[in-house]
There are 6 protein chains.
Amino acid sequence: MTSPAVAAYLAERPGIVIPIGATEQHGPDGLIGTDHLCPEAIARRFGARDGVIVAPTLAYGMSQFHLGFAGSISLRPSTLAALIQDLVASLAATGFTRIYFLNGHGGNLAPLRAAIQEFYAARSFAGVTEPCPVHCRVRSWWELDGVDALRKALYGAAEGYHVTPSEVALTLASHPDHIAATDRPAPPPLADMILHGGDNYYDAADFRRRFPDGRVVSDASLATRQHGEDLLALAVDDLAKDFFAFCRSV
Amino acid sequence: MTSPAVAAYLAERPGIVIPIGATEQHGPDGLIGTDHLCPEAIARRFGARDGVIVAPTLAYGMSQFHLGFAGSISLRPSTLAALIQDLVASLAATGFTRIYFLNGHGGNLAPLRAAIQEFYAARSFAGVTEPCPVHCRVRSWWELDGVDALRKALYGAAEGYHVTPSEVALTLASHPDHIAATDRPAPPPLADMILHGGDNYYDAADFRRRFPDGRVVSDASLATRQHGEDLLALAVDDLAKDFFAFCRSV
Amino acid sequence: MTSPAVAAYLAERPGIVIPIGATEQHGPDGLIGTDHLCPEAIARRFGARDGVIVAPTLAYGMSQFHLGFAGSISLRPSTLAALIQDLVASLAATGFTRIYFLNGHGGNLAPLRAAIQEFYAARSFAGVTEPCPVHCRVRSWWELDGVDALRKALYGAAEGYHVTPSEVALTLASHPDHIAATDRPAPPPLADMILHGGDNYYDAADFRRRFPDGRVVSDASLATRQHGEDLLALAVDDLAKDFFAFCRSV
Amino acid sequence: MTSPAVAAYLAERPGIVIPIGATEQHGPDGLIGTDHLCPEAIARRFGARDGVIVAPTLAYGMSQFHLGFAGSISLRPSTLAALIQDLVASLAATGFTRIYFLNGHGGNLAPLRAAIQEFYAARSFAGVTEPCPVHCRVRSWWELDGVDALRKALYGAAEGYHVTPSEVALTLASHPDHIAATDRPAPPPLADMILHGGDNYYDAADFRRRFPDGRVVSDASLATRQHGEDLLALAVDDLAKDFFAFCRSV
Amino acid sequence: MTSPAVAAYLAERPGIVIPIGATEQHGPDGLIGTDHLCPEAIARRFGARDGVIVAPTLAYGMSQFHLGFAGSISLRPSTLAALIQDLVASLAATGFTRIYFLNGHGGNLAPLRAAIQEFYAARSFAGVTEPCPVHCRVRSWWELDGVDALRKALYGAAEGYHVTPSEVALTLASHPDHIAATDRPAPPPLADMILHGGDNYYDAADFRRRFPDGRVVSDASLATRQHGEDLLALAVDDLAKDFFAFCRSV
Amino acid sequence: MTSPAVAAYLAERPGIVIPIGATEQHGPDGLIGTDHLCPEAIARRFGARDGVIVAPTLAYGMSQFHLGFAGSISLRPSTLAALIQDLVASLAATGFTRIYFLNGHGGNLAPLRAAIQEFYAARSFAGVTEPCPVHCRVRSWWELDGVDALRKALYGAAEGYHVTPSEVALTLASHPDHIAATDRPAPPPLADMILHGGDNYYDAADFRRRFPDGRVVSDASLATRQHGEDLLALAVDDLAKDFFAFCRSV
């Protein structure tokens, strides 16, 4: 797009979608870019269909615990937060008032949310009494209603936490030339993994100790390209509904 | 405790509990300190009962959106994150290997998680190949199993998001002299509130516009001291179970 | 307190007291929390007596040189400074104009002062021409007039620099159940210590080399609970005088 | 790619190319993404042809002076620098030793260089006596030998400083569907611009005052798709030569 | 000096002196550079006489409260602290183990001390068990024994806090061509000033309100060049004693 | 100067010159301070001749790659950038609108430029629509027209990159008592050096491996004091022309 085209868009619509993901190992057969390719594919298909601006994808995320595997690249949480703050501030300065982050990596959520709060904190500490007209919203693509229902129906517990069949299916649909459609390896036995329930944290060496081949309790061998097409279609519809409601909200 | 007493404790047990909360408005009748008084009360009762070290409470949290109300004090997300990193690093340097944060304020979660990841990121970026022996765990007291079940049973949708009856009940039990046990005001009509579902963010002025008396879709007039006693007792038991499992985990 | 109660207070009085201390080893028999328990005890007794708001205690301070002993927890100077800035900014945003820090740990002074200057620097660099209405004051409890005279009279050179008899006496009065009232150990011989006069700095390992049992040229075996009661009473009176003069100052 | 594929690559080759650009206004008819689309196009064509790993493009750069125009998004210099440091540190931690930044935006150079120096400074301050095996190299695509000669031959002074005909030509070749091939507007009269020679700096409002339609002394109406094809082909060859020499260097 | 000459020096002596001051208004007749010219003059005379390395003077300090007057230049406390840390780290990396800061501005003390603690904190947090061989010492020139006695004897209460007669006298001796030796203005009446005892803090506008001509309770019209010569001679002797004792200390 | 004298100057002229250099090894015979002594000498001679204010010299720069040699002192790039931002902000707050950095060390350029952009970014992100009246300009003394021509004419390729004959000549003129005028050592053989063309980066250990005696492809034995006098005279004239044009520019 050109700058005048953006200006014209802003006279009609207040919102933008920013896909945010990661570049990190996805086990023996998943694409390193899976976490940014998924939200990018959804957002771009939605943007092209409905005439909504989609910002360039944030392809690097908070992946410190994957640094024990080749091909992983991580930002520190504080770096990712600074990046997000600058994006929000830039968009606010140039006229956007509804900023929608479509996320593809769970590890991004904490820095992303912290960054948005830091953006608002500057106004709150300054005692500004006029509400900030810029609103932000964060959604991970897998928690969109239709997507969430389908992935649970398709995979149940085999969905797991990392290298999930749903994200692999989505890349099978969006990037069919880059990933083997069949003969993808079955998951390692659960007994090889040391998983804690809930909110626990590891460094890269500990992650590798717990999950030696990089997959976390998931069986991506269940994924098919058709699943991916279905998930993608549902995601685009869900995103449309959610994004436009966000744009209309006060 | 004295320093030699801590050294003796560490020869027996690897873990410590850190209560973390906030100091922020809790509507017309809730205590400003509610969010740190609750995890503190639970942790101290547990520590005294089971001989576990409880660190001094982190009474200030990430409350930027409450700065439109007198008595609120906030840290920026980045400040809270720095604080957490230093605590974890100090405890790691002096021999603790299981650090359990018992949280009392939802707004803390993102900076808290980001901080722990930043702590581990230093090792991961440095390429350290030995797993970090220090583990961290984050739990908000209301998500402990028994507590969660009881608060849902007692209050249902009236639990709301801020100035919840469960937290008010807990302060009625832990600080009975500081909060009126009866004649606490009913909640404002829902129609006065502009609430969005999900992951949205506001500055302080916007929060006040949306929630003019500071309460968010909750009816704390339902809270009783007996509820608080019950919640507290369940929380201590749940915490004990979760903490000792965490200490034993590998 | 509730938020409306704070608002009512602010209509009458501009000031608040913030106790700030540390959590660090205090030799073989002193409480790890001594440095925050002392200003907290003084501030709370004063607040309760004279109806002045006392903020939650800052229990963690700048104690890096104590990290060679179990139970010590430290903030980096920059973290403590960020924390202080946020507190001052929060209080300024919500209507306080006289902020009084009652300090209990010498190591906090540099970061604390630097933080307040950083707060004002933002206005000065921006060229704001209206004087900032928010004033800050820093006092360590032992330099309050009456306290200072009494501790010198009671202990002379045995007061020393760390684990002082005056602070131990104060905890004997404020927390009698937590510290042995008698049979506290005599200080190690001075010859065991490598002390430099004046403004010198060490890391934790060097501190431990110089002061192997954690005490620095002090003899806390002289402390009695009655001393503590006397010091506490004097401190409350001194604080009252100093705080109200600060509130009235222009 | 998958993580095992990267590991296999690293056994053969030490190097990676990272395209880095910006998302900023390019006058009335240039693409907002021009500055990242150009190095991305060059790097990807090179990578595909010669089997070299190309990292995901850094699409956001240091564009603060363009924030007066819709569609511009900027990072602060310090944010961009943090981002670069994390990328370099990640790649170093996972086995890359030759990191080649192919740059597409002049405003990135200072933060990019500062970031790399900051990465090395950590080792130098620590007194590490073993030379760091990781080398970094920075090249802007227009300074590659063949490219530089051709753009000067084609456009001379009309190349200008921003919205240059060479970069527009390159996007005509790489993204023919996104930019009008003809009827692109002629440049505004030079008399409308306030340009200083050399190393001067502006904020966004001043930039807009100086260059009201966003173009800086350039005439992109000279650009043709064929020029773009020629520039792209030369750039790929130049990059190959430079990259492989860098990989072999000691 | 050359680098080999420094290497030779380090084989003999471990220490270096760093003069640190400020560039800030000194009332109607004092030199803007007074605060860095004084420690520089003392240190250089000492260095030349006794063969001790004196680092380039840090001429900018923490002077935010003087920014209401032309000619003042300030660093934020955090910037000054970063600067000090880098100096200490550089000197430590290249072989110095006794670093002596000779200070000329009270406002520098908090950031300077905080910075040195931050330097040591890195080791302490990392749990390094070997004492850091690098020691730092901070002295303000006016607290050197002989200097302190003489300035009190000469000026008593007229010494004041800023634009003191002792510092003006010292510049009369060190820079006789740059400051009028006679007819310097008498101080403004005390009644014009709003001074609080003790540890209080202002922004620039408030400082100017309190001290309209920039001087703080001092009468520099008492200063003479001979006083300056005497102070300078005493300071050099005092510094020599203190510095060499510091170099010998363990 | 006094503060009132600066105020009077500002009524006439908007500009100031800030010499910025480094303190780093200059081979076996060059002065450690060469990089700050050169711009200081030029700026001071110019200031004295033409009545222009010259700020105190920034004697420490970004020299991390020289930390393998005794006598080198470096700032991290981020520290230097913070320093520059504070200087610019201070001067802007007190009335200067044309800030001219005269640089003497190539390694400073990236942090210096990044810092100035960071200063402007604050306004641009805030959406300020009035152009900032404060302009900054960066020039390295060797790129001033007359100087550049002469040094190329005198030394050709022997000028090299570090410990250049032109800078050594300049110190021979400005500090004749501090550097040997004759018998300075010839350069080491080129074969001892591992130099890459272009934009490459090293840590200190790698620099020392590449350039064992600290000189980089330069032959300072060609320098004479007369060269230095000529270079200095040309530099002063060039600076005058450039500075006054900058002051007049809009």
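For the stretch C:187-211, residues that are touching an Asp or Glu at 6+ places or on another chain (Cβ under 7 Å) and farther than 29 Å from E:Glu118 by Cβ total 2.
Take the conditions open to solvent by 10 Å² or more (accessible area, probe 1.4 Å) and either within 15 Å of the chain's Cα centre (by Cα) or at the interface with chain E (Cβ under 9 Å from one of its Cβ atoms) (or both) and apply them to F:Val128. Does it pass?
Against the criterion (open to solvent by 10 Å² or more (accessible area, probe 1.4 Å) and either within 15 Å of the chain's Cα centre (by Cα) or at the interface with chain E (Cβ under 9 Å from one of its Cβ atoms) (or both)), F:Val128 does not qualify.
Considered as a group, the residues in the stretch A:183-212 that are assigned to a loop (DSSP other than H, G, I, E, B) and in contact with a strand residue (DSSP E or B) (Cβ under 6 Å, 6 or more places away or on another chain) include one that is surrounded by the most Cβ atoms within 10 Å (Cβ to Cβ), and that residue is A:Tyr201.
Taking C:Asp50, is it in contact (Cβ under 8 Å) with a residue 12 or more places away in the chain, surrounded by fewer than 24 Cβ atoms within 10 Å (Cβ to Cβ) and either charged (D, E, K, R) or under 26 Å from B:Gly15 (Cα atoms) (or both)? In short, yes.
Filtered by the rule that a residue be within 27 Å of C:Ala110 (Cβ to Cβ) and among the β-branched types (Val, Ile, Thr), the stretch C:167-219 gives C:Val168, C:Thr171, C:Ile194, C:Val216, C:Val217. Return the residues of the stretch A:13-40 that are over 10 Å from the mean Cα position of the chain (by Cα) and in a loop (DSSP other than H, G, I, E, B); say none if nothing qualifies. A:Arg13, A:Pro14, A:Glu24, A:Gln25, A:Gly27, A:Asp29, A:Leu31, A:Ile32, A:Gly33 - these are the residues of the stretch A:13-40 that are over 10 Å from the mean Cα position of the chain (by Cα) and in a loop (DSSP other than H, G, I, E, B).
Among residues of the stretch F:146-166 that are farther than 15 Å from F:His105 by Cβ, those with a Cβ under 8 angstrom from a residue that is open to solvent by 30 Å² or more (accessible area, probe 1.4 Å) and basic (Lys, Arg), sequence gap 6+ or separate chain, pair up as F:Glu159/F:Arg151; F:Glu159/F:Lys152; F:Pro165/F:Arg151. Looking across the stretch B:87-116, the residues that are open to solvent by less than 10 Å² (accessible area, probe 1.4 Å) and in a strand (DSSP E or B) come down to B:Ile99, B:Tyr100, B:Phe101, B:Leu102, B:Asn103.
Residue-level check: of (1) within 20 Å of the chain's Cα centre (by Cα); (2) within 19 Å of C:Gln64 (Cα to Cα), C:Asp206 misses just (1).
The single condition from (1) surrounded by 20 or more Cβ atoms within 10 Å (Cβ to Cβ); (2) within 14 Å of another protein chain (Cβ to nearest Cβ) that A:His227 fails is (2).
Evaluating E:Ala121 against the criteria (1) farther than 14 Å from C:Asp206 by Cβ; (2) open to solvent by less than 20 Å² (accessible area, probe 1.4 Å); (3) without any contact (Cβ under 8 Å) to a residue 24 or more places away in the chain leaves one unmet condition, (1). When the stretch D:180-211 is filtered for residues that are at pLDDT 85 or above and hydroxyl-bearing (Ser, Thr, Tyr), only D:Tyr202 remains.
Checking E:Ala48, E:Ala82, E:Ala43, E:Ala70 one by one, the residue that is within 7 Å of another protein chain (Cβ to nearest Cβ) and assigned to a helix (DSSP H, G or I) is E:Ala82 and no other. Within the stretch A:69-77, one or more residues are on the phi > 0 side of the Ramachandran plot and either in contact with a strand residue (DSSP E or B) (Cβ under 9 Å, 6 or more places away or on another chain) or among the small types (Gly, Ala, Ser) (or both). Scanning the stretch E:150-162 turns up at least one residue that is open to solvent by less than 20 Å² (accessible area, probe 1.4 Å) and under 21 Å from E:Glu229 (Cβ atoms). Please determine whether any residue of the stretch A:163-178 is open to solvent by 60 Å² or more (accessible area, probe 1.4 Å), within 30 Å of D:Ala48 (Cα to Cα), more than 9 Å from chain B (Cβ to nearest Cβ) and in contact with a Gly (Cβ under 9 Å, 6 or more places away or on another chain). Checked the stretch A:163-178: at least one residue is open to solvent by 60 Å² or more (accessible area, probe 1.4 Å), within 30 Å of D:Ala48 (Cα to Cα), more than 9 Å from chain B (Cβ to nearest Cβ) and in contact with a Gly (Cβ under 9 Å, 6 or more places away or on another chain).
Within the stretch D:124-149, count every residue that is under 16 Å from D:Leu231 (Cα atoms) and of a type in the set (S, T, N, Q). Give the steps one after another, and end with the answer.
Of the residues in the stretch D:124-149, the ones under 16 Å from D:Leu231 (Cα atoms) are D:139-149.
Retained after the next criterion (residues that are of a type in the set (S, T, N, Q)): D:140.
Residues in the stretch D:124-149 being under 16 Å from D:Leu231 (Cα atoms) and of a type in the set (S, T, N, Q): 1 in total.
Just wondering, is there one or more residues in the stretch B:9-32 that are open to solvent by 20 Å² or more (accessible area, probe 1.4 Å), among the charged types (D, E, K, R) and more than 8 Å from chain C (Cβ to nearest Cβ)? Yes, the stretch B:9-32 contains a residue that is open to solvent by 20 Å² or more (accessible area, probe 1.4 Å), among the charged types (D, E, K, R) and more than 8 Å from chain C (Cβ to nearest Cβ). Taking the stretch A:131-144 as the range and being within 11 Å of another protein chain (Cβ to nearest Cβ) and part of a helix (DSSP H, G or I) as the test, only A:Glu143 passes.
Among the residues making up the stretch F:167-182, those that are in contact (Cβ under 8 Å) with a residue 40 or more places away in the chain and either part of a loop (DSSP other than H, G, I, E, B) or among the aromatic types (Phe, Trp, Tyr) (or both) are F:His175, F:Pro176, F:His178, F:Ile179, F:Ala180, F:Ala181. Those residues that are in a loop (DSSP other than H, G, I, E, B) and at negative phi, I need them from the stretch D:51-67; list them, please. Answer for the stretch D:51-67, where residues must be in a loop (DSSP other than H, G, I, E, B) and at negative phi: D:Val52, D:Ile53, D:Ala55, D:Pro56, D:Thr57, D:Ala59, D:Tyr60, D:Gly61, D:Met62, D:Ser63, D:Leu67. Within the stretch D:202-219, the set of residues being within 10 Å of chain F (Cβ to nearest Cβ) and closer than 18 Å to D:Ile73 by Cα comprises D:Tyr202, D:Asp203, D:Ala204, D:Ala205, D:Asp206, D:Phe207, D:Arg208. Taking the criterion of being within 7 Å of another protein chain (Cβ to nearest Cβ) and touching a helix residue (DSSP H, G or I) at 6+ places or on another chain (Cβ under 9 Å), the residues of the stretch D:88-97 that qualify are D:Ala89, D:Ser90, D:Ala93, D:Thr94, D:Gly95.
Quick grid of which residues meet (1) surrounded by 24 or more Cβ atoms within 10 Å (Cβ to Cβ); (2) in contact (Cβ under 8 Å) with a residue 24 or more places away in the chain; (3) under 21 Å from E:Asp206 (Cβ atoms):
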{"site": "E:Cys38", "(1), (2), (3)": "yes, yes, no"}
{"site": "E:Ala43", "(1), (2), (3)": "yes, yes, no"}
{"site": "E:Val54", "(1), (2), (3)": "no, yes, no"}
{"site": "E:Gln64", "(1), (2), (3)": "yes, yes, yes"}
{"site": "E:Ser72", "(1), (2), (3)": "yes, yes, yes"}
{"site": "E:Ala81", "(1), (2), (3)": "yes, yes, no"}
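Just to be sure, is F:Phe65 at pLDDT 95 or above and more than 22 Å from F:Gly30 (Cβ to Cβ)? Against the criterion (at pLDDT 95 or above and more than 22 Å from F:Gly30 (Cβ to Cβ)), F:Phe65 does not qualify.
The values are calculated or read from the model by the stated rules, or taken from the named source; none is laboratory data. Keep in mind that what you see is a predicted model, and the values were worked out from it rather than measured. Note that each Cβ is placed from the backbone with ideal geometry, even for glycine, and that neighbours are counted across all protein chains shown. Accessible surface areas use protein heavy atoms only, side chains included; no ligands, DNA or RNA. Shrake-Rupley method; radii C 1.70, N 1.55, O 1.52, S 1.80 Å.
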